[in-house]
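For reference, the structure discussed in these notes is given below.
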């Protein structure tokens, strides 16, 4: 059964006409025949189907699928520690990650990531780009979301844009409902909740310049 209805497919196809460079999904999932205690993944099958369906809508998009357990070396290569996980690659790995199935308000987040890596255009201000260039230490941004949160997508998009601009930045969308143990660890009571380098935390979809200040603060 298709994940997307025909109207949405046509709209997505129209958006994909603006894609320039090739995009590749790296999807980590769980083989339906193998169940490992502690790694049950209820949305893995649906997430894989969604990514395959989206990839079929443009010849600019390809997909590679790996089993999280059987393909442990690949998971370690991309530093994937939970599933379902989707990496959106452009000409290189920009550090753009989605953990959990990006539907609801997070579906546009996925589409934006595709467009961003294909056009290599972050749409960040020149001032933000200049400050991001100064980052020389690893920055890991986790944006906790729920699929019913209308403000979460913009926070994830801002994080993904920063990852596109600087190879030291990795930016994750994390569906708090699919990873309750992480939500508990980081005291996620409202979303979006942003955690940077385990040291800096804040809530809400902040303006680009304020978000950047938090990123820079995390490496001081």
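The values are calculated or read from the model by the stated rules, or taken from the named source; none is laboratory data. Everything quoted here is computed from the prediction, not taken from an experiment. Cβ atoms come from the backbone with ideal geometry, glycine included; neighbour counts cover every protein chain shown.
Side notes on the structure shown:
- Condition met for residue 101 (assigned to a loop (DSSP other than H, G, I, E, B), under 26 Å from residue 202 (Cβ atoms) and in the same structural domain as residue 41 (by TED's automatic domain parsing)): yes
- Checked against (1) exposed (fewer than 15 other Cβ atoms within 10 Å of the Cβ); (2) at pLDDT 95 or above, residue 42 passes all but a single condition, namely (2).
- The set of residues from the stretch 42-60 being over 21 Å from residue 91 (Cβ atoms) and outside any loop (DSSP other than H, G, I, E, B) comprises 44, 45, 46, 47, 48, 49, 50, 52, 53.
For (1) surrounded by fewer than 19 Cβ atoms within 10 Å (Cβ to Cβ); (2) in contact with a helix residue (DSSP H, G or I) (Cβ under 6 Å, 6 or more places away or on another chain), each residue gets a yes or a no:
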| residue | (1), (2) |
| --- | --- |
| 163 | no, no |
| 167 | yes, no |
| 173 | no, yes |
| 188 | no, no |
| 197 | yes, yes |
| 207 | yes, no |
| 211 | no, yes |
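- Number of the condition not met by residue 91 [criteria: (1) more than 12 Å from the chain's Cα centre (by Cα); (2) under 14 Å from residue 118 (Cβ atoms); (3) modelled with pLDDT of 95 or more]: (3)
- Among the residues making up the stretch 64-81, those that are assigned to a helix (DSSP H, G or I) and in contact (Cβ under 8 Å) with a residue 24 or more places away in the chain are 74, 75.
- Conditions (1) modelled with pLDDT under 95; (2) under 26 Å from residue 120 (Cα atoms); number of the one not met by residue 31: (2)
- Subset of the stretch 124-133 [loosely packed, with under 15 Cβ neighbours inside 10 Å and in contact (Cβ under 8 Å) with a residue 60 or more places away in the chain]: 125, 127
Rundown of residues vs (1) over 16 Å from the mean Cα position of the chain (by Cα); (2) crowded, with 22+ Cβ neighbours inside 10 Å; (3) under 23 Å from residue 10 (Cα atoms), yes/no style:
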site	(1), (2), (3)
59	yes, no, yes
70	yes, no, no
76	yes, no, no
86	no, yes, yes
103	no, no, yes
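- Filter result (closer than 30 Å to residue 44 by Cβ and modelled with pLDDT under 95) within the stretch 182-204: 198
- Residue 202 touching a helix residue (DSSP H, G or I) at 6+ places or on another chain (Cβ under 7 Å) and without any contact (Cβ under 8 Å) to a residue 60 or more places away in the chain: yes
- Residue 108 in contact with a helix residue (DSSP H, G or I) (Cβ under 9 Å, 6 or more places away or on another chain) and surrounded by fewer than 20 Cβ atoms within 10 Å (Cβ to Cβ): yes
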